[in-house]
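Report on one structure; see the data block that follows.
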Amino acid sequence: ITDQAAGVAPPSLASEKEALDNEVLVGEVKDKPVKRIQFSGGGNLFSMTMDKEKVWDEVQLSCWEGCNKETDNNIKGPGLDELSFKVFGVGIETEFLPLDFNIHAVHESTKGETDTSSTSIGFVLGDEDPQDEFVVDLYYDDKFGTVIFKTVAGQSKCPHEKNTAAIEDPRITVTRRPSQHVFPNEDMVFELEMTNVGVGEESQFILYTQHRDNDSGLKFFLDGNNFAAEEFTNIRKDSTYKKTLVIQRGPVSYQYSAPDIGLESACEDGSSSINDLTASVFDETKSVSQKLYNVQEDDDTFLIKFVEPCPKVEWAGELNRDRHFVVNTNSDDPDNLEVIVFNPNHGQAKLHNMTSDRLQNVFLYYREVGDLHWSKGRTEIVNDDGSADSLTIDFA
């Protein structure tokens, strides 16, 4: 075994474990006497030893075919039955009767054997969490000679045991979300509320954000401080704690997948120093989370979306160099002016792709000096039939 750390079972074996249904096992021995025990957490240990002894007494004949003998004898002979004396009469009077009796004799040969077997079962129960309490019923299984444990009451955490009250049962709610229209340089502000509806008087929780999908550089701030990953917080029973979460835009994008913000017990957190060994093998967790978003497009699509400004367009060519233009009779082409524009964000996307879902038109307007009316710029084209025509310029 090469991957054993400090646990009772190595992860390579624990990952292949199969849970036994204690309800079925208990059902098989439900008529057996039950021993109920109670113990507390906080490092205390409860130990118990049970001894069971069985004695068999066996009596049988000493011979395979039987060594019992039974006899009947009859003895006959003379005997004195009655004797009388007379004082004033004539001498002694006697009467003789014959002797006759039966003798019945029984001889029985047996042997006895005593067989004794004993079983001793011991166990130790303990829990490190100070607030944990357990009430456990013990059943003895005659078939396998083992003890079956069934938790019937108590309170527990890390993890929460079945049939016990949860010490830690966190809740997190987003009470206020930002508007759908947040400008790029503004903050998205979320108001959060955290509570513990468990029975524990005070417990430590971790508030965390999932950054695995934050590949575009969203920034998080909690109560004015940088919120890179997680924050430990103590929550008392029947109390509500409020937090302010601020999200700022990354360096490039304006739209992001909605991140999750979660609240869970400190001992269930993967990087917790309290119980990081078992954190990865919890089958059930009390961890809760909420999505952070300001735009919901449908039932399954939630977004963090900032208002994207219109893309910049800059002049290019002579217009960019001279910052003005003149058309007169000395111009090479007094009837036409070449206009070139430049996309400063061409490394991000083409101008058409950047405006296809928002910007409908980018027109060029011009007017003569002193004229109040603006005219749309047009360009000459050649139709399919070869005739000349003009078309309004639209850079979108």
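The values are calculated or read from the model by the stated rules, or taken from the named source; none is laboratory data. Here the structure is a predicted model, which is why all the values come from computation and not from measurement. Ideal geometry is used to build each Cβ from the backbone, glycine not excepted, and the neighbour counts take in all protein chains shown. Ligands, DNA and RNA are excluded from the accessible area calculation, which covers all protein heavy atoms including side chains. Shrake-Rupley method; radii C 1.70, N 1.55, O 1.52, S 1.80 Å.
Any chance you could look up the accessible area of ARG236 with a 1.4 Å probe, heavy atoms only, rounded to 10 Å²?
Solvent-accessible area, nearest 10 Å²: 110 Å².
Which of the trypsin sites (Lys or Arg not before Pro) found in the stretch 285-367 are loop residues per DSSP with 12 or fewer other Cβ atoms within 10 Å of their Cβ?
LYS312, ARG323, LYS350, ARG358, ARG367
Once you charge only the Cβ atoms, +1 for Lys and Arg and -1 for Asp and Glu, what is the size of the charge dipole of the stretch 311-396 about its Cα centre, to the nearest 20 debye?
Roughly 620 debye for the stretch 311-396.
In nm, give the distance between the simple-model label positions of LYS162 and ASP332, each being 7 Å from the Cα along the Cα-to-Cβ direction.
Each label point lies 7 Å from its Cα, and together they span 8.8 nm.
THR240 to GLU53: extension gain in nm, 0.36 nm per residue of separation minus the Cα-Cα distance?
61.6 nm
Using alpha carbon coordinates only, what is the Rg to Rh ratio of the stretch 181-244, with Rh defined as the Kirkwood radius?
Value, to two decimals: 1.05.
Given the whole protein assembly as supplied and a 1.4 Å probe, what does the accessible area of ASP299 come to in Å², nearest 10?
Approximately 130 Å² of ASP299 is accessible to the 1.4 Å probe.
Residue by residue through the stretch 235-240, what is 3J(HN,Hα) from phi via Karplus (6.51 cos²θ - 1.76 cosθ + 1.60, θ = phi - 60°)? Round to whole Hz and write x for glycine and proline.
With the stated coefficients, the stretch 235-240 comes to 10, 8, 5, 6, 10, 10 Hz.
How long is the gain from ASP260 to HIS181 if the chain were fully straight, where each residue apart is worth 0.36 nm and the alpha carbon distance is subtracted?
26.4 nm
With every protein chain kept in the model, how would you rank ARG176, ARG36 by accessible area, 1.4 Å probe, largest at the top?
Ranking ARG176, ARG36 by accessible area, largest first, yields ARG36, ARG176.
Hey, which of these cross-link pairs are over 22 Å Cα-Cα: LYS162/LYS243; LYS162/LYS286; LYS157/LYS242; LYS219/LYS312; LYS52/LYS162?
Flagged as over cut-off: LYS162/LYS243; LYS157/LYS242; LYS219/LYS312; LYS52/LYS162.
Calculate, axis by axis, the spread of Cα positions in the stretch 121-213 along the three principal axes, and write the results as whole Å, longest axis first.
73, 30, 19
Over the stretch 299-338, give the accessible area per residue in Å² for a 1.4 Å probe, as an integer.
For the stretch 299-338, the solvent-accessible area averages 81 Å² per residue.
Rank these residues by their accessible area, most exposed first, probe 1.4 Å: LEU359, LEU218.
Solvent-accessible surface, decreasing: LEU359, LEU218.
If ligands, DNA and RNA are left out, what is the accessible area of THR146 with a 1.4 Å probe, given in Å² to the nearest 10?
Here the residue's solvent-accessible area equals roughly 60 Å².
Counting only protein chains, not ligands or nucleic acids, how are THR119, THR329 ordered by accessible area (probe 1.4 Å), most first?
THR329, THR119
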